[in-house]
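Nothing in this text is a laboratory measurement; each read-out follows from the coordinates by a stated rule. The structure displayed is predicted, hence computed values, not measured ones. All Cβ positions, even for glycine, are placed from backbone atoms using ideal geometry, and neighbour counts span all protein chains on display.
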Protein chains: 2
Amino acid sequence: MLTPRHFEHIMSLGQPWEHQHGRISLDNSNSHESNLLEYEAFDVLSPRGPLDEGLSVLSVDMRVAENRKDHYTDNFKSSSLIVRRNKEFTISIKLDRAFSAEQDDVQLEFLIGELLSPNDNKGTYITVSIGKGKHNRHWKGRVVEIQGNEVTVGITPNASCIIGRFRTFVAIVTDFGRQRTQRNQDTDFYVLFNPWDPADQVYMDKEEDRQEYVMNDVGIIYNGEYNNISSRSWNFGQFEEGVLDACLMVMDAGKVPLLFRGNATEVVRQGSALLNAQDDKGVMVGNWSGDYSSGTAPTAWTGSPEILLKYASEGCEPVSFVQCWVFAGVMNTFTRCLGIPARVITNFFSAHDNTGNVKTDIVLDKDGKIDRSRTKDSVWNYHCWNEVYMKRPDLPENFSGWQVVDCTPQETSDGLYRCGPTSVNAIKEGELSYPFDAKFVFAEINSDLIYHKADKLGNMKIIYVDTAYVGKLILTKKKDSSRYEDITSNYKYPEGSLKEREAMQMAERRGVSSRDYLPLAEAGVTIELQADTIKMGENLKLTLNIKNQTSQTCIISAIITGCVAYYTGVTSTTFKFENKSATVEASTSESDTSYMPYLVEQSNLLFVVYGQVEESETSLSTMRVVNLHPPELTIKVNMTGSPMVGKELMVSVEFLNPYNFILQKVNLRIDGPGLILTKLKYYSQILPGASVKYKVLLIPRFLGKKVLMACLDCPLLRQVTNQLEFEVVKDENRNDLKE
Amino acid sequence: MLTPRHFEHIMSLGQPWEHQHGRISLDNSNSHESNLLEYEAFDVLSPRGPLDEGLSVLSVDMRVAENRKDHYTDNFKSSSLIVRRNKEFTISIKLDRAFSAEQDDVQLEFLIGELLSPNDNKGTYITVSIGKGKHNRHWKGRVVEIQGNEVTVGITPNASCIIGRFRTFVAIVTDFGRQRTQRNQDTDFYVLFNPWDPADQVYMDKEEDRQEYVMNDVGIIYNGEYNNISSRSWNFGQFEEGVLDACLMVMDAGKVPLLFRGNATEVVRQGSALLNAQDDKGVMVGNWSGDYSSGTAPTAWTGSPEILLKYASEGCEPVSFVQCWVFAGVMNTFTRCLGIPARVITNFFSAHDNTGNVKTDIVLDKDGKIDRSRTKDSVWNYHCWNEVYMKRPDLPENFSGWQVVDCTPQETSDGLYRCGPTSVNAIKEGELSYPFDAKFVFAEINSDLIYHKADKLGNMKIIYVDTAYVGKLILTKKKDSSRYEDITSNYKYPEGSLKEREAMQMAERRGVSSRDYLPLAEAGVTIELQADTIKMGENLKLTLNIKNQTSQTCIISAIITGCVAYYTGVTSTTFKFENKSATVEASTSESDTSYMPYLVEQSNLLFVVYGQVEESETSLSTMRVVNLHPPELTIKVNMTGSPMVGKELMVSVEFLNPYNFILQKVNLRIDGPGLILTKLKYYSQILPGASVKYKVLLIPRFLGKKVLMACLDCPLLRQVTNQLEFEVVKDENRNDLKE
């Protein structure tokens, strides 16, 4: 019977319960918790039955091993249950008597975050009933088996549920009240995205894709130069102990509302902001200054777990220092760990266009030097970002699939340093209106380089335009291979094609300013630099080719400048120039150059030619990056036969200083997911001609292909890396080990 | 002749000059300044001519009055030059001899922000040359007139230039160097958006539109209830002294990069974040608690200048307290002041859907009371936001025009409390993928109200769905009128039309979850509440109409609950309920209710009927808001004839306390742009039956229609307002005054 008090607050539709200032606050931490009462009495005036009908829960078994195998989560080094959305897992409940579906009412309650608002509509408080009270709205539940006093329940988290760590309670409901189990950490479990399930936002069709983009915990990140590609192995280590908790902690520290955590688009967007420490207390501090003495050099890291675990163990203090490939490596770990397919991308000659006009402006002063105060854009030798794979229900259908996301702090996006996710398909078509940051990514691969020169009066003139320099080549690791895959055509139609022009026109209709600079006079003369890749200490042979395509003899005055270059395009001291003048019909000239001791990290030399055809006063310009091959780092497995699961294995890393100078403050790291946690060895110095050998004992824990990687790094010599791949086999003498 | 040092830094394409952590920092303050050297020598080895050829600048005249008239900025109470983009203004330069276009080289330099990077490519450092060195890239310049030693130069800021305060320098350039004028505040000038110019992003076609949406400094904001609309006048005051500087200060405090300030989309988006103090030190603190004792009550303000000037004068400390119409009023000032056309919108029954699912869920507990912990969405009686008018070059063309922007902190948008700009056309079509926040605004006007009820076991059932309640009516002030304009059809196709269904389907394809709840059984019986608007102290006549459309007699049990309601939907104590049972064929029943002393701000009473048809056990629900008319506030002009420019005018505001209780802590404000700065009078109490009279002397400064407004506010009686419109005429006896 209805009574007036039923309606006391019927129109309290907007009470700002939780705080004073905003209208509504959202739960935004997975680590905060408050729990349910152990006993909750109903407001019943006349008890109808005796209390001794009551049922009690003796124990709850999350069936960790069995469920994790089914959910592709058995690689995680964790004792907890880890499941994926929209796939059934089972829980066994031991009762003090047999369960009766007709008479008993058992309710499983799953809780994430604080209980301030156990709002089942928002997915933070889930109830699943079995027995007579059965009525479930979000997660499916069913009785799988009743065996004696034990009932096994199948639970299916819905396909869009919040991901993170849930707490489990089992309640016995009677007419008088609800009796709950106590909070028990052993019954906590994690729900992840599910790329295996077609209803999940991150569904991936092919098993081989899922194996690479979700399950592979090592990878290769490409760097160097587009015509001389280098690479290094990276320990993503998404299954290492503590990494999953660290990833959730990143979202907690960044106050990502729990409500948003079932949405992969939100998770990667907020992740891209939170993994850099720029403008929030994020995970990693970017540093491109060359001085890394107050932290670890960006080049010295071998993988993500060391960084994420350091962040988590030090109370969410940002980790120093990293650069783009580290940002991308850790982003890859973050996403794969949560179940979102991801891969690391390298874009060679990546523009950083800070005005969003798809023109990278390089301003030369009246003397022809770069005017740093007027040149705000830049071109990186290479830049790394990530792609993540997901449906974009917020966008038209063809923009689902791979999405660019980039956590390196380059520009603020809507107030924070972050970038993406933005559809790769949309970039290719020039459809730049859709969220997030499509214009910025489009510029990274499509900018024109425009050289401006100032005269004495400060007036500017465009002297040269290079439309083909930026976004030369876009690579990622090939699946199930240690080679690269050229994915440039995912981002761009072929240069000069009709489709390319259409995409550019679309981009202009979407706010990219049109290429309105005047066509420049053609010189009819082209210049090109040729160089071989060499090791440090060898002599470099540098060749300048001049091609005269006009019908007249030309006199060309050319200046070749050499300097040491950082991968961001920043240069250190100029060390070499040649001032040449040549009378050319169609001839070739040569020059030799020595280059030591201009060592910087990553050891790139940059040569720039600036020339003038004296007859026509037209300008020519070209540049070339030369990578120096670093000395070798040797990794050896000291055994005969194959490494075996559970059996000790001795590995050694060796290095010889080939230089005539002392290497100081040397860090040597060994890493290998499934084999060893990152090991660090410090040498205060390595004398000229001296060698070091670092031995490590390890015990492989899993079967299959494993990668051991090492990195030696010191201020005078950066990023000397190597990796060794081997197969871990079964020890035929033992049967007690996990396969 | 080229020399090698020309190329020293040629490839320094990415030096992070300004700070260590990020890669590039942007100037983000208009108030920081560093200036140009007074003398800059050129690097010339062999001076070619004698120094006595040199020209000197004696004075620079910004021709403030003339230029401001041409630029529609003469309403601003400021002594500075204020111009609009892409329209020529003139500067007169007095020299020590006559200017020769063939021999002399005079350069005008305009600077905004710090000089760290005088980057003319990014629009913070502009040079305009006249004479022999003429070569201008961004702003056009020409010699308008040469008269004796004075040269008058015409300058045209380009149509997309940064808006804000620029500094002016005049440099004489010779072969030996550049001689500049000193920094002089008198030559500072402001550049604003230009709705008069077709090339400007904010161009508006019709003069009458520009007069209303840019030039009108008073307005009307609608509130109350959709079938009983109230209104109050608002002093936008965008031309008042100091308001323009305060608006620029808001962007400086919010670190909006100067580079973005030429883009109206960015300016309004960042403005919507910065005008609320939620999660940044923005301008206004929202408070819906009912306790405003530590600041000014939201209902007590009469206009924007008082708030903006308080914020600016107190070092950018947030101003307490405001609610949605104040947020919208100040946003309107901010945009109109900068030259962006804007208007205030009121949406009656505005949903606040915090899950973005276009369903507003109201959860009732087992007793039928609102379950506050489970009801996170809310419906406001009304909600105010703004529309701004602009091209959206980032979006397909049909999404230019009016854009919704809302600075009331409701939900975070990409990490900050802000909302929009989002195209009104896109909302109407259900095209919700485009930035910014289209889904949220769509839900505000299109949500379905879904009533859920929990049973004892916590299981939820939908008991009632109301698809027509939310977004009932959308209003704005009609241009050149004091009436309202119904613009609901700008946002929605007619309920039930094919177009409406298509828009909803499009919205669903763009990520709005579909309306998947089951159709509910039709009761065949409808209920309706009728009530007249009354003054406080009068008796309310409330009529419940029950209509039985079935072929059978029904017994209906209904409960009428009354309570005092805030405009946000929050209610205070329930004060009245009636429990009724009626046997109905097609009958009508009546009931009378008394309601004092349940006074809250804005004085709304909310009546809710919840009924059950006993035969079919179907539920019925309806609600009605009744506005109480407050007592009168009288404004009088104490003169015969019309008020005249420059002539003293006495006005008085009178109020009689009609209640039998004391009104305490009474604030009385008088306001009127162009007439008077906000005046505040405080009365510690007004006894029952007592009256107060506040007299103010003012001197009208401008001709034309003026509005004087007053507001009396105290904890027991909120928002007693009135306004008086009169024409200010010319004093025929005086000629020395501005017309």
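Between B:ILE555 and B:ILE146, the modelled labels are 10.4 nm apart [label points 7 Å from Cα along Cα→Cβ]. Based on C-alpha pairs under 8 angstrom that are at least 6 apart in sequence, the range A:634-728 has a relative contact order of 34 percent.
Label-to-label distances for A:LYS461 across copies, nearest first, come out at 8.5 nm, using points 7 Å from Cα in the beta-carbon direction. Every pair of different Cα atoms in the range B:634-728 enters the Kirkwood calculation, which places the hydrodynamic radius at 13.9 Å. Ranked by how many other Cβ atoms sit within 10 Å of their own Cβ, fewest first, the residues A:ILE670, B:ILE163, B:ILE527 fall in the order B:ILE527, A:ILE670, B:ILE163.
Checking the Cα-Cα distances for B:LYS681/B:LYS706; A:LYS647/A:LYS706; B:LYS281/B:LYS391 against a 18 Å cut-off, the pairs over it are B:LYS681/B:LYS706; B:LYS281/B:LYS391. Placing a label point 7 Å from Cα along the Cα-to-Cβ direction at A:VAL143 gives distances to the equivalent points in the other copies of 10.1 nm, listed shortest first.
Between copies, the label points at A:GLY646 (set 7 angstrom from Cα along Cα-to-Cβ) are spaced 10.5 nm, reported in nanometres from shortest to longest. Sorting A:ASP209, B:ASP414 by the number of Cβ atoms found within 10 Å of their own Cβ, with the fewest placed first, yields A:ASP209, B:ASP414. Computed over every Cα-Cα pair of the range B:207-510 and binned at 20 Å starting from 0, the pair-distance distribution P(r) comes out as 34, 57, 9, 0 percent. A cut-off under 14 angstrom between Cβ atoms defines the neighbours of B:ASP280, and their net charge, with Lys, Arg +1 and Asp, Glu -1, is -3. As a rough footprinting exposure proxy, the listed residues B:SER272, A:SER489 were ranked by other beta carbons within 10 Å of their own, and the order from fewest upward is A:SER489, B:SER272. A straight Cα-to-Cα reach below 16 Å connects A:LYS439 with the lysines A:LYS359, A:LYS428, A:LYS492, residues fewer than 8 places away in its own chain not being considered. A straight line joining the Cα centroids of the range B:645-703 and the range B:224-281 runs 28 Å.
Size descriptors for the range B:262-362: radius of gyration and Dmax over Cα atoms are 14.7, 44 Å. In whole percents, the pair-distance distribution calculated for the range A:172-234 from its alpha-carbon pairs, binned every 10 Å from zero, is 15, 21, 22, 20, 11, 6, 4, 1. Full extension of the chain between A:LYS69 and A:SER616 yields a length gain of 189.6 nm, computed as 0.36 nm times the residue separation minus the alpha carbon distance. Would you mind counting up the charge near A:GLU317? Only other residues with Cβ under 9 Å from its Cβ, with Lys and Arg at +1 and Asp and Glu at -1. Around A:GLU317, the surrounding residues sum to +1.
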